[in-house]
Amino acid sequence: MAETGVFADLVAGDNTFKYYSEGEWKVSSSGKLVPIINPTTRKPQFQVQACTQEEVNKVMESAKIAQKSWAKTPLWKRAELLHKAAAILKDHKKPISEFLVKEIAKASKDAVTEVVRSGDLVSYCAEEGVRLLGEGKFLMSDSFPGNERTKYCLTSKIPLGVVLAIPPFNYPVNLAVSKIAPALIAGNALVLKPPTQGAASALHMVHCFHLAGFPKGVISCITGKGSEIGDFLTMHPNVNCISFTGGDTGIAISKKAGMIPLQMELGGKDACIILEDADLDLAAANIVKGGFSYSGQRCTAVKVVLVMESVADTLVKKVNEKIGKLTVGPPENDCDITPVVTESSADFIEGLVMDAKKKGATFCQEYKRDGNLISPLLIDNVKQDMRIAWEEPFGPVVPVIRISNAEEGIHHCNASNFGLQGCIFTKDINKAMLISDAMETGTVQINSAPARGPDHFPFQGLKDSGIGSQGVTNSINVMTKVKSTVINLPTPSYTMG
Ligand SMILES: NC(=O)C1=CN([C@@H]2O[C@H](COP(=O)(O)OP(=O)(O)OC[C@H]3O[C@@H](n4cnc5c(N)ncnc54)[C@H](OP(=O)(O)O)[C@@H]3O)[C@@H](O)[C@H]2O)C=CC1
Ligand SMILES: O=C(O)[C@H](O)COP(=O)(O)O
């Protein structure tokens, strides 16, 4: 593993890494380490520091101080540093991706893609920030009834202060930089709490920002179990904004957080509605890609297929043919289906599968599990009383519900407590638009599986799927607020024509 060379500073011992505070790599005074279990071997692979509350306080204090001078750093210089970090990150895609393979069992080629995509996101954000934050608004008072032109209002976007970023395990690098880059370009300081599974990759990514030369305290990284230090972090008085991606934890955080802006991207039960006129080959390919990439551990995975009864047999056959070609095995071998992240996650998935079996669903493949490795499974004839109709497996299992009209599909989608994305397969764009408008989700894809990317697209969930919107531009907006200065003139002044 990449323990030497450019990453030597963050190594605290054999497969053990430091946390990042005040521009330095440090060992926690707690003397405690948090193990990261390799999902494939189910044995401890790495260890990170279990940071203490005092260490969190120190990070927050230095972030607060550093932010003041960072906000006064010219925008072009902030962008320059981000471009530099992006380049360093991409240069080190190989070692960082190796950590992703070992700690979250992401297939090698997908792990490399995640790091490259992250570098691109950071650069794009630097560019977008320069344009977006370099502009303000100029309003004149006489457009509002009863006013003369005596007031000129100048607005600009200013940073919030300290942004706390908490990403989930499935994209520990990409979903971290999607919070870090917009926060930094906007002049905020950023404190990262990476997911425990994914912390080693995230720490190595943070080191790329260190190598780029960000001033001390502008970016920091606290490690430890969310269940132990999470509340202390999210309720810390120095935090001025929380950007969180993950599961129901986000709902709890939003109830506890103070009066600060929240950006929450939570779970999903993305529905895939297939109409009679759909291109079934295209639909089948997207169900397999959407439902099974990274073993279904994506918030945007296809999590329920709602297909018209008249084409259901043909569609299921086509999907099964493709599932039969998926490779199942370790991430090192670039298999399509790799072990799910934890044993408890595999147990949860198995619970959903067994419930469907007990209630009479049709299994298109035999259910197979070896440790955390679950073989891909399509479950047909799923009924409303089955848990898998409503809950997200976050694993390689896709339920199929047969419907007799589009309204049934829309109804099922909208009855969910989630509302992240959804998709429709049809050749009739007029029908697609009507269904899209009726679906209560943040995004609807027409003739493609749900997806967050490209990373500059808006990405948001309704209902329990989130608060606010992500995507490069929206994240910069969430992490800034508007400041106005009004020039009051003693007499009205009109520009001569
Ligand atoms: N909408 C979206 O964009 C996405 C949504 N998700 C959803 O996330 C879930 C799976 O991801 P997973 O990582 O397991 O999600 P979790 O909600 O369990 O964890 C997400 C992050 O929160 C941290 N955390 C845990 N407890 C607390 C706490 N009390 N306070 C603050 N932070 C805490 C975790 O740290 P630690 O690891 O140390 O526990 C981790 O960094 C699924 O439900 C999925 O749908 C996932 C990806 C994207
Ligand atoms: O966490 C997730 O699952 C992602 O936000 C989904 O991203 P993707 O659609 O680009 O895989």
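Rule-based calculations on the coordinates, nothing more; no lab input. This is a predicted model, so every value here is computed, not measured. Cβ placement follows ideal geometry from the backbone for every residue including glycine, while neighbour counts extend to all protein chains displayed.
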Counting helices only, and only those DSSP H runs with n ≥ 4, report the 222 nm mean residue ellipticity of the chain as the sum of -39,500 (n - 2.57) divided by its residues, in deg cm²/dmol to the nearest 500. -12000 deg cm²/dmol
How large is ³J(HN,Hα) for each residue in the range 92-98, as worked out from phi by the Karplus curve 6.51 cos²θ - 1.76 cosθ + 1.60 (θ = phi - 60°), to whole Hz, x for Gly and Pro? 10, 4, 5, x, 5, 5, 5
List the relative contact order of the chain as a percent without decimals, with contacts defined as Cα pairs under 8 Å and 6+ residues apart. 18
Residues whose placed amide H lies under 5 Å from that of Asn381, excluding near-sequence neighbours: Thr362, Val400, Arg402
May I ask you to derive the FRET efficiency for Asp428 and Glu135 from their Cβ-Cβ distance with R0 = 45 Å, giving the value to the nearest 0.05? 0.65
Relative to 2.2 N^0.38 Å, what does the C-alpha radius of gyration of the chain come to as a ratio? Two decimals please. 1.04
Between the DSSP loop rule and a limit of at most 16 other Cβ atoms within 10 Å, which GluC sites (Glu not before Pro) in the range 123-192 are left? Glu135, Glu148
Roughly how large, in nm² to one decimal, is the mean projection of the convex hull of the alpha-carbon atoms in the range 246-373? 10.5
From the phi of every residue in the range 309-320, what ³J(HN,Hα) in whole Hz does the Karplus formula 6.51 cos²θ - 1.76 cosθ + 1.60 yield, where θ is phi - 60° and glycine or proline is x? 3, 4, 10, 4, 4, 4, 4, 4, 4, 5, 5, 4
Roughly how far apart, in whole Å, are the Cα centres of the range 73-92 and the range 156-201? 15
Cα convex hull volume per residue for the range 164-220 (Å³): 64
Counting only C-alpha contacts under 8 Å and six or more residues apart, can you give the relative contact order of the range 220-377 as a whole percent? 16
Simple Cβ-charge dipole of the chain, Lys/Arg +1 and Asp/Glu -1, about Cα centre, in debye nearest 20: 1220
